[in-house]
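Notes follow the structure.
The values are calculated or read from the model by the stated rules, or taken from the named source; none is laboratory data. Because the structure is a prediction, the values reported are computed rather than measured. So basically every Cβ, Gly included, is an ideal-geometry build from the backbone, and we count neighbours across all protein chains shown.
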Amino acid sequence: MSVMRTKSIEQSIKETDDPDYALKKSLSWLDLTVFGIGVIIGAGIFTFTGKAAQAYGGPAIVISFVIAAVVCALAALCYAEFASTVPVSGSAYTFSYASLGELVAWIIGWDLLLELALGAGVVSQGWSHYANLLLNTMGITLPDVLAPQSKTNPGGQFNLLAFLLIAVLTALVAWGIKESMRVNLVLVGIKLFIVLFVIVAGLAYVKTANYHPFIPPAKPGAPGQGITQPLIQAMLGFTPTTYGLGGIFAGASIVFFAYIGFDVVATTAEEAKNPQRDLPIGILASLVICTILYVAVAFVITGMVKYNKIDPDAALATAFKDVGKSGFATIVSCGAVAGLTTVVMTLIIGATRVLFAMCRDWLLPRGLGRTNPKTGTPVRITIFVGLAVAFIGAYVGNHIDLEEMVNIGTLAAFTLVSIAVPILRHKRPDLPRAFRVPWSPVLPTLAALASLYLMLNLSIETWIRFLVWMALGFVVYFSYGYRKSRLARRAEEERVPSLTRT
């Protein structure tokens, strides 16, 4: 009864045939690429560009985006190899179960739930700011207590708009994955049009003076004192600063949130028609496309408005207002509403698929994971995740800044997945791999180290919250999952216990 017991690839794949836990295979490489773009392009462009430029990097936030993209690219290669080798729902959780053992798989699964559920809640709040702007232009004003909390409305207590968004999307995700993807395709098309519109239209209002200094001089950062300072500064005795070189790397740790999404593509592996070919294409193509657009938008916005005057809540729309183009701002707000909708939806899908995989392994109550025969989706899990995300987006996010919690959860998963690639190659060199990470184990090691470095740039407060969450996960695992898991019931590769047995 070891906590490091592993589940073979063959067993993981065999379990996908159980009719009570079968997902529809209906996604092509185009669906997966659009899915990736849908979740990646969102909060990073519409909200975090302005926030990070104002507080961390200035115009040099462009460099921060590039640094974050490089780290993601290294991790994306590792995800692509795993996803094409182990085409089973669950993403990093499933990968680690086959290579690093059950305890590590649980840690990653618990970690991914943090990343995806919190991410959906955080982005729903960004969506609500843009939606509220649109309502205001139509003469509709919500009561302060129900409106999104902001500098101009510190009294917001319950974010009604975020709650309604999550409720609608939860129903759509429960209805069916293909139906969700059709809606996603339309919204991604609108979002890409708006992003390109911002780049092209914004270039006409760029003032080169706003790029000077491109890297603002470092200065003591009041927010970086005590437990709010980055862990690496506390460890090495650095003086907390904003801007400068330190601000660029701190900014990279923040805008990293903008790239969460390509790993969500891997959670749909079981629903891909040809996962060995389609998953690597979907993961890598979506990351490349989004990186190019991110850098372009960051460059334009910091050229339109001086970095210290950027609105951190709705940077793109207010940038056009600041140059006297309120009509353009309305167009951007419409695009942001459409764009952020896809992000919330795909993060909800990702969270449900990870939780589904954990239930199918009996690490969590297995009855929760059964799929509905009509929709082919885990309806119970979807409703459960929707309620949790709604609570986070409508209430918790008004009182706690959650962006860094999402980042640390994602980076922890990246680190462990990168380590797992050479381990699985050593343990199972016989497995067919449609995609292979080049220069292994060097490149996976670099991916793990780069992810760890960005984690160290996050605040001590974030680390404390993360460790508390992981401690809670250990309590759940050792009180339930360790005893109840399928491997604990001595499952054999050729004789898997019935999933429906009570």
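See the values below:
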read-out: Check on Pro216, surrounded by 14 or more Cβ atoms within 10 Å (Cβ to Cβ) and either modelled with pLDDT of 80 or more or in contact with a strand residue (DSSP E or B) (Cβ under 6 Å, 6 or more places away or on another chain) (or both); value: yes
read-out: Residue list for the range 436-494, filter: of a type in the set (Gly, Ala, Ser) and more than 20 Å from the chain's Cα centre (by Cα); value: Ser440, Ala471, Ser479, Gly481, Ser485, Ala488, Ala491
read-out: Every residue from the range 409-430 that is crowded, with 24+ Cβ neighbours inside 10 Å and either in contact with a strand residue (DSSP E or B) (Cβ under 9 Å, 6 or more places away or on another chain) or among the aliphatic types (A, V, I, L, M) (or both); value: Leu411, Ala413, Val417, Ala420, Val421
read-out: Residue count, the range 131-169 (criterion: of a type outside the set (A, V, I, L, M), part of a helix (DSSP H, G or I) and farther than 30 Å from Val379 by Cβ); value: 3
read-out: Flag for Gly261 being of a type in the set (Gly, Ala, Ser), at pLDDT 75 or above and in contact with a helix residue (DSSP H, G or I) (Cβ under 6 Å, 6 or more places away or on another chain); value: no
read-out: Any chance Val198 is more than 29 Å from Val396 (Cβ to Cβ), at pLDDT 85 or above and not small (Gly, Ala, Ser); value: yes
read-out: Entirely in the range 1-119, the helices (runs of 4 or more DSSP H) that have 2 or more residues that are β-branched (Val, Ile, Thr), at pLDDT 85 or above and under 30 Å from Val332 (Cβ atoms); value: 61-85
read-out: In the range 463-478, the residues that are surrounded by 14 or more Cβ atoms within 10 Å (Cβ to Cβ) and without any contact (Cβ under 8 Å) to a residue 60 or more places away in the chain; value: Phe474
read-out: Residue identified as polar (S, T, N, Q), closer than 30 Å to Tyr482 by Cα and either touching a residue at least 60 places away in the same chain (Cβ under 8 Å) or touching a Ser or Thr at 6+ places or on another chain (Cβ under 6 Å) (or both) among Thr445, Thr375, Thr371; value: Thr371
read-out: Where a residue in the range 415-435 is closer than 20 Å to Arg277 by Cα and its partner, wherever it lies, is not in a helix (DSSP H, G or I), with Cβ under 7 Å and at least six apart; value: Val421/Val437; Val421/Ser440; Arg425/Ser440
read-out: Residue match in the range 268-288 (condition: more than 30 Å from Gly109 (Cβ to Cβ), surrounded by 19 or more Cβ atoms within 10 Å (Cβ to Cβ), modelled with pLDDT of 85 or more and in contact with a helix residue (DSSP H, G or I) (Cβ under 6 Å, 6 or more places away or on another chain)); value: no
read-out: Of residues in the range 275-313 being touching a Lys or Arg at 6+ places or on another chain (Cβ under 9 Å) and not β-branched (Val, Ile, Thr), the one farthest from Lys24 (Cα to Cα); value: Lys306
read-out: Residues of the range 367-418 classified as outside any helix (DSSP H, G or I) and more than 13 Å from the chain's Cα centre (by Cα), total; value: 13
read-out: The range 149-163, subset at pLDDT below 80 and surrounded by 19 or more Cβ atoms within 10 Å (Cβ to Cβ), residue nearest to the chain's Cα centre (by Cα); value: Gln149
